[in-house]
1. Just to confirm my filter: which helices (runs of 4 or more DSSP H) fall fully inside the range 181-291 and include at least 1 residues that are polar (S, T, N, Q)?
2. I need a count of the residues in the range 53-79 that are out of contact with any strand residue (DSSP E or B) (no Cβ under 6 Å at 6 or more places or on another chain) and β-branched (V, I, T).
3. Please determine whether any residue of the range 7-19 is among the small types (G, A, S), touching a residue at least 60 places away in the same chain (Cβ under 8 Å) and surrounded by fewer than 23 Cβ atoms within 10 Å (Cβ to Cβ).
4. Restricted to the range 210-221, and to residues that are out of contact with any Lys or Arg (no Cβ under 9 Å at 6 or more places or on another chain) and small (G, A, S), which residue is surrounded by the most Cβ atoms within 10 Å (Cβ to Cβ)?
5. Quick one: which helices (runs of 4 or more DSSP H) lie wholly within the range 36-119 and hold at least 3 residues that are closer than 27 Å to G236 by Cα and among the β-branched types (V, I, T)?
6. Might you check whether a residue that is among the aliphatic types (A, V, I, L, M), within 26 Å of A11 (Cβ to Cβ), under 15 Å from the mean Cα position of the chain (by Cα) and surrounded by fewer than 20 Cβ atoms within 10 Å (Cβ to Cβ) occurs anywhere in the range 151-159?
7. Can you name every residue in the range 274-291 that is touching a strand residue (DSSP E or B) at 6+ places or on another chain (Cβ under 8 Å) and not β-branched (V, I, T)?
Amino acid sequence: MEIASVGVVGAGQMGTGIAHVLALAGYDVLLTDISETVLARALETIARNIDRQIARGRVTAPEKEAALARIRTTLRLADLGACDLIIEAATERESVKARIFEDLVPHLAPHTILTSNTSSISITRLASRTDRPEKFMGFHFMNPVPVMQLVELIRGIATDEATYQACLKVVERLGKTAASAEDFPAFIVNRILMPMINEAVYTLYEGVGSVKSIDQSLRLGANHPMGPLELADFIGLDTCLAIMNVLHEGLADTKYRPCPLLVKYVEAGWLGRKTQRGFYDYRGEVPVPTR
């Protein structure tokens, strides 16, 4: 099927980025959230981020205006029912995502494809909460969406080939690259990335190195663009912990046990950049290590 209209559930960092790239690629986008303030802020963020692309010569002013004109917002989840494709980008909690899909089902057009931007939760399990598991799959963008080139496409046990091909065409139209992943905990990127971050937290917890020395070592010794603790702050420590819990529970292997120090930071509400404190304190002009 040809996808022309896309509904995006959630106007946070990921949903905003997804709406941004879809609109620039020519899709009609309907963005929903539970707050008018959040939706207004999302539109401001999209306009500001496209301005950055204009400054770098990647987008023109007329393209910006056309993209913004393609984005509509709504507070009513049911309004997304007529879209060809829906991408859920709500918080990384299975109970929240399952409720969204259950609420969507009565309003969906027969042809509508459902997808989730989840970074770790079972696609098969989410699909089972809908009336169309064959038209359901994982559509995992990387953060920040306008910059990162990869999208993980994850088939559930029932996902049919037509659904996969339709989503693949969307990824290609966005100018991104698709990686096909099987439906196992955390898929590909986070199955590899999150244990590395968790091990960096253990290295800090056990006193092997400081925040500064750990990040410096991976930047300069492994040529990573960002140290693992700095990256954890960027992702959000609550998200890192949630993914580690999914890995630990889903694979029952002690190597995926979340570091107690990561748990402590999340319990303290030190979630990284979004709360101004994590492994670094961002409240001053320059980030300062907290350990």
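The values are calculated or read from the model by the stated rules, or taken from the named source; none is laboratory data. Owing to the predicted nature of the structure, the values given are computational and were not obtained by experimental measurement. Glycine gets a Cβ as well: all are built from the backbone with ideal geometry, and neighbour counts include every protein chain shown.
1. Fully inside the range 181-291 and qualifying: 189-205, 211-221, 237-251.
2. 3
3. If we filter the range 7-19 for residues that are among the small types (G, A, S), which is where we start, we get 7, 10-12, 15, 17, 19.
With the extra rule that they be touching a residue at least 60 places away in the same chain (Cβ under 8 Å), the set shrinks to 7, 10-12, 15, 17.
From what is left, the residues that are surrounded by fewer than 23 Cβ atoms within 10 Å (Cβ to Cβ) are 12.
Yes: one or more hits.
4. Filtering the range 210-221 down to residues out of contact with any Lys or Arg (no Cβ under 9 Å at 6 or more places or on another chain) leaves 212-221.
Still in the list and also small (G, A, S): 213, 217, 221.
Numbers: S213: 14, S217: 16, G221: 8.
Among those residues, the one meeting the criterion is S217.
5. Values: elements: 36-55, 61-69, 94-104.
In the range 36-119, the matching helices (runs of 4 or more DSSP H) lie at 36-55.
6. The initial filter retains those residues of the range 151-159 that are among the aliphatic types (A, V, I, L, M), namely 151, 153-154, 157-158.
From what's left, within 26 Å of A11 (Cβ to Cβ): 151, 153-154.
From what's left, under 15 Å from the mean Cα position of the chain (by Cα): 151, 153-154.
With surrounded by fewer than 20 Cβ atoms within 10 Å (Cβ to Cβ) added as a condition, the list becomes none.
No, the range 151-159 has no match at all.
7. G278, F279, Y280, D281, R283, P287, P289
Residue-by-condition table, conditions (1) out of contact with any Gly (no Cβ under 9 Å at 6 or more places or on another chain); (2) in the same structural domain as P258 (by TED's automatic domain parsing); (3) within 26 Å of M244 (Cα to Cα):
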{"position": "T163", "(1), (2), (3)": "yes, no, no"}
{"position": "L174", "(1), (2), (3)": "yes, no, no"}
{"position": "M196", "(1), (2), (3)": "yes, yes, yes"}
{"position": "Y202", "(1), (2), (3)": "yes, yes, yes"}
{"position": "I214", "(1), (2), (3)": "no, yes, yes"}
{"position": "R219", "(1), (2), (3)": "no, yes, yes"}
{"position": "L229", "(1), (2), (3)": "no, yes, yes"}
